[in-house]
Amino acid sequence: MKLLLLIFISLNIFASDILTSYRVNGIEQIEREMDIELTKREYWDRVLSDKDTTFGYIEAYSNVLACDKSTSTLHLYSLDENKSFNFKKTYDAFTGKLKGDKVKEGDLKTPIGIYQITQKLSRETELDPFYGPLAFVTSYPNIYDSYRGKNGSGIWIHGLPSQDRDEFTRGCIAINNSSIECLDRNIDIEKTILIIDEENIKQNISKDLLSSILSQLYSWRYSWKYDDIVGYLSFYSPEFVRSDGMSLEEFKKYKTRVFKKIERKTIIFNDINVVPYPNTSNIYQVNFKEFYKSDTFQFSGDKTLIIEVDEDNKINILTEK
């Protein structure tokens with residue numbers, strides 16, 4: 001209760017009003033009022049005022065790896081003591097033999113997209129010497145890749161063999177062995193995001209647009225939490241397909257059945273990241289840790305949305321997982 005009061009005071013709401021609301025309506029009304037505050041642009045404008053938005057809104061990562069395929073370079077940016085992403089190092093890199101975005105297995109292209117590093121491989125884990133001393137496994141194909149029908153696997157950042165090799169890969173990003181060992185010393189793979197583009201990675205993202213996206217994310221959450229099925233579904237694109245293949249019409253029917261239960265819900269988002277998707281003008285990847293609990297179901301884990309932002313800055317969810 002003390003935490004709730006402190007948050008409301010920070011929003012310039014008089015404590016006496018909070019106490020009156022609590023006295024008359026109980027804690028649930030205060031919680032609802034706080035949930036409304038999270039949907040407002042004013043709140044997110046304050047959050048973003050001193051936030052580094054070089055690569056978007058990032059809560060969960062302390063390192064950004066930015067691969068520019070046009071210059072065959074891999075750039076490392078890390079958070080400093082001021083919570084700003086500063087350039088740290090550039091590594092020369094080999095990428096796929098053919099230009100363009102990866103579409104299918106064996107097309108010799110390096111994908112364009114946003115990826116996590118899911119695993120580190122080394123000689124101790126029986127890594128083939130062809131990949132040098134270390135390899136970092138990426139999350140390709142991601143949810144947006146699958147949405148667009150892309151396939152393939154095994155996209156890594158890795159080292160080089162001791163013998164001569166071609167100056168390209170089958171789709172991976174390869175850097176020399178001293179560089180891969182340097183990279184290993186400078187990143188925590190669980191706190192590193194990889195962005196790959198055909199050219200320079202987008203930087204200095206509009207705080208105004210990010211504030212709009214974040215406030216709408218919490219409006220979507222508000223509709224979800226308080227069983228507003230019409231408001232909730234208004235955030236979904238006509239082109240929506242869930243990651244498991246569920247169509248929009250199937251999704252609507254499913255969610256309508258769930259919302260009719262009118263259950264009390266707890267929905268908490270942590271480690272939110274909003275990053276513009278490479279090689280697009282209006283697509284963003286939104287991912288976060290979600291805690292969901294109702295009377296009949298509980299979930300705690302990763303949530304990813306791919307959203308399209310229209311000319312009025314309204315978000316439309318294309319797919320989710």
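The values are calculated or read from the model by the stated rules, or taken from the named source; none is laboratory data. Just so we're clear, the structure is a prediction, and the values are computed from it rather than from any experiment. We place every Cβ from the backbone using ideal geometry, glycine too, and count neighbours over all the protein chains shown. To get the accessible areas, we keep the full protein, side chains included, count just its heavy atoms, and leave off ligands, DNA and RNA. Shrake-Rupley method; radii C 1.70, N 1.55, O 1.52, S 1.80 Å.
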Between the modelled labels at Ser300 and Ser70 (7 Å from Cα along Cα→Cβ) the distance in nm is 4.5
Relative contact order in percent for region 11-154 (Cα pairs under 8 Å, 6+ apart) equals 12
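Could you work out how much longer the chain between Arg148 and Ile229 gets when fully extended? Use 0.36 nm per residue separation minus the Cα distance between them, nm to one decimal.
That pair, Arg148 and Ile229, stretches by 26.4 nm at full extension.
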Pairs over 22 Å Cα to Cα, from Lys69/Lys97; Lys289/Lys321; Lys225/Lys289; Lys69/Lys109; Lys109/Lys150; Lys102/Lys289, come to Lys102/Lys289
Interchain or sequence-distant (5+) residues whose placed amide H lies within less than 5 Å of the amide H of Ile112 are Lys102
Applied in sequence order to region 61-77, the curve 6.51 cos²θ - 1.76 cosθ + 1.60 (Karplus, θ = phi - 60°) yields integer Hz couplings, x standing for Gly and Pro, of 10, 10, 9, 10, 9, 10, 9, 9, 5, 5, 10, 6, 9, 10, 9, 10, 10
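Expressed as a rounded percentage, what relative contact order does region 41-125 have, with Cα pairs under 8 Å and six or more residues apart?
Contact order relative to length: 16 percent.
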Per the 1/(1 + (r/R0)^6) rule, R0 = 35 Å and r from the Cβ atoms of Lys314 and Lys97, FRET efficiency to 0.05 is 0.30
Reduced to Cα centres, the span from region 252-272 to region 38-96 in Å works out to 31
Rounded to the nearest 0.05, FRET efficiency between Tyr22 and Asn200 (Cβ-Cβ, R0 51 Å) equals 0.45
Taking every DSSP bridge whose two residues both lie in region 52-174, the antiparallel percent to the nearest 5 is 90
Site Glu59, offset 7 angstrom along Cα→Cβ, radius 14 Å on amide nitrogen, limited to region 229-273, gives 267-273
Packing-ranked peptide list from 309-321, 258-270, highest mean Cβ count within 10 angstrom first, is 309-321, 258-270
Expected vector for region 95-106, Karplus 3J(HN,Hα) from phi with 6.51, -1.76, 1.60 and θ = phi - 60°, integer Hz, x for Gly and Pro, equals 10, x, 4, 9, 7, x, 7, 5, 10, 9, 4, x
Sparse-neighbourhood loop hits (trypsin sites (Lys or Arg not before Pro), region 54-119; DSSP loop; Cβ within 10 Å at most 12 others) -> Lys83, Lys99, Lys104
For region 12-139, the accessible surface attributable to carbon and sulfur atoms (probe 1.4 angstrom, ligands and nucleic acids excluded) amounts in percent to 49
The chain: relative contact order from alpha carbon pairs under 8 Å, six or more residues apart, as a whole percent, is 18
Expressed in square angstrom to the nearest 10, the accessible area of Arg165 with a 1.4 Å probe stands at 60
